[in-house]
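One structure is given here, and the rest of the page talks about it.
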Amino acid sequence: MRFAKTAWKPGNMVFPAPAALVSCGEPGGLPNLLTVAWCGNVNTNPAMLSISIQPGRHSHGIIERTGEFVLNLPARRLARAVDYCGMVSGRAGDKFVAAGLTPIPVGEVSCPGVGECPINISCRISRRLDLGSHSMFLARVAEVAVDSSLLDRSGRFRFERADLLCYAHGFYFALGGRQGRFGWSVRKRRAGGNAPKRR
Ligand SMILES: Cc1cc2nc3c(=O)[nH]c(=O)nc-3n(C[C@H](O)[C@H](O)[C@H](O)COP(=O)(O)O)c2cc1C
């Protein structure tokens, strides 16, 4: 099947994106949170990711001064809190309290993670790129904490149990189920096995 395309104005169209909560904080100040969709993996070895933040955000200054943040991946049930943290600035008060979220200590960085998120990724910034509307912070992953419910009895990571939230073009979505395993399209078909059908 081929699609009949319509030209669309050039814009951000790489969706779905994570709907993530970035937590940050500095000594003597309230910890803060902001929602980011502009984030992603950028390098495998060392593990690195990026977040892009507009310079006017309260969190931008905190992250720039401290050089660290935590990228927290929320589950679907936190959709309302995620939206709230993306609508209200930490300049107006404590967003952890207002959103009903708990700042928790995480490894390797001094700012808190979000207790209600099943995955907390502690990050240290290595570079800042000013791209126009946003500063892109490139960061090394210093530690990853995952809830033990996401590991099966063999210690394998079961991502689908996290029920993560994502964002696309103005709306929040939950992920669907697994559609296949990495490499399954080129794996040899076992008799009676579930190799993919070619279409
Ligand atoms: C779904 C969603 C995604 C967002 N993604 C980003 C982003 O990637 N970068 C950014 O600078 N702001 C983003 N925002 C806006 C900030 O989260 C928002 O301005 C927030 O209130 C800033 O908080 P602060 O001033 O306490 O730092 C997003 C908001 C929503 C609702």
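Coordinate-derived values only; no laboratory data. For clarity, every value in this text was computed on a predicted model and none was experimentally measured. FYI the Cβ positions are ideal-geometry reconstructions off the backbone, even for glycines, and counts take in every protein chain you see.
Observations
- Relative contact order [Cα under 8 Å, 6+ residues apart], the stretch 53-199, whole percent: 21 percent
- Global geometry of the stretch 1-158, whether rounded, prolate or oblate, following the gyration tensor of its Cα atoms and the 1.5 cut on a/c: rounded
- Residue-span extension gain [Leu175 to Glu26] - 0.36 nm each, minus C-alpha spacing: 50.3 nm
- Note, ³J(HN,Hα) from phi for the stretch 109-115, Karplus 6.51, -1.76, 1.60, rounded to Hz, x at Gly and Pro: 10, 8, 7, x, x, 9, x
- Shape of the stretch 32-96, Cα gyration tensor, a/c cut at 1.5: oblate
- Estimated distance in nm for a label pair at Val146 and Arg187, the labels positioned 7 Å out from Cα along Cα-to-Cβ: 1.8 nm
- Label-to-label distance, Arg76 versus Trp8, with points set 7 angstrom from Cα along the beta-carbon direction: 2.3 nm.
- The stretch 71-165 shape via C-alpha gyration tensor axes, a/c threshold 1.5: oblate
- Inter-site label distance for Thr102 and Gln54 at 7 Å from Cα along Cβ, in nm: 3.3 nm
- Using the Karplus relation 6.51 cos²θ - 1.76 cosθ + 1.60 with θ = phi - 60°, the per-residue 3J(HN,Hα) values for the stretch 136-142 come to 9, 9, 8, 9, 7, 6, 8 Hz, with x marking Gly and Pro.
- Cross-link reach list, aspartates and glutamates versus Lys95, counting only Cα pairs under 16 Å and skipping chain neighbours closer than eight places: Glu26, Asp83, Glu116
- Amide H within-cut-off set for Val106, under 5 Å, with H built and near neighbours excluded: Gly113
- Centroid-to-centroid, using Cα positions, the stretch 14-52 and the stretch 135-187 are 15 Å apart.
- Lys, Arg +1 and Asp, Glu -1 on Cβ, resulting dipole of the stretch 1-120 about Cα centre, debye, nearest 20: 660 debye
- Amide H contacts of Phe173: Cys166, Tyr167, Ala168, each under 5 Å away and 5 or more positions distant or on a separate chain (H built 1.01 Å from N in the peptide plane; Pro and chain starts excluded).
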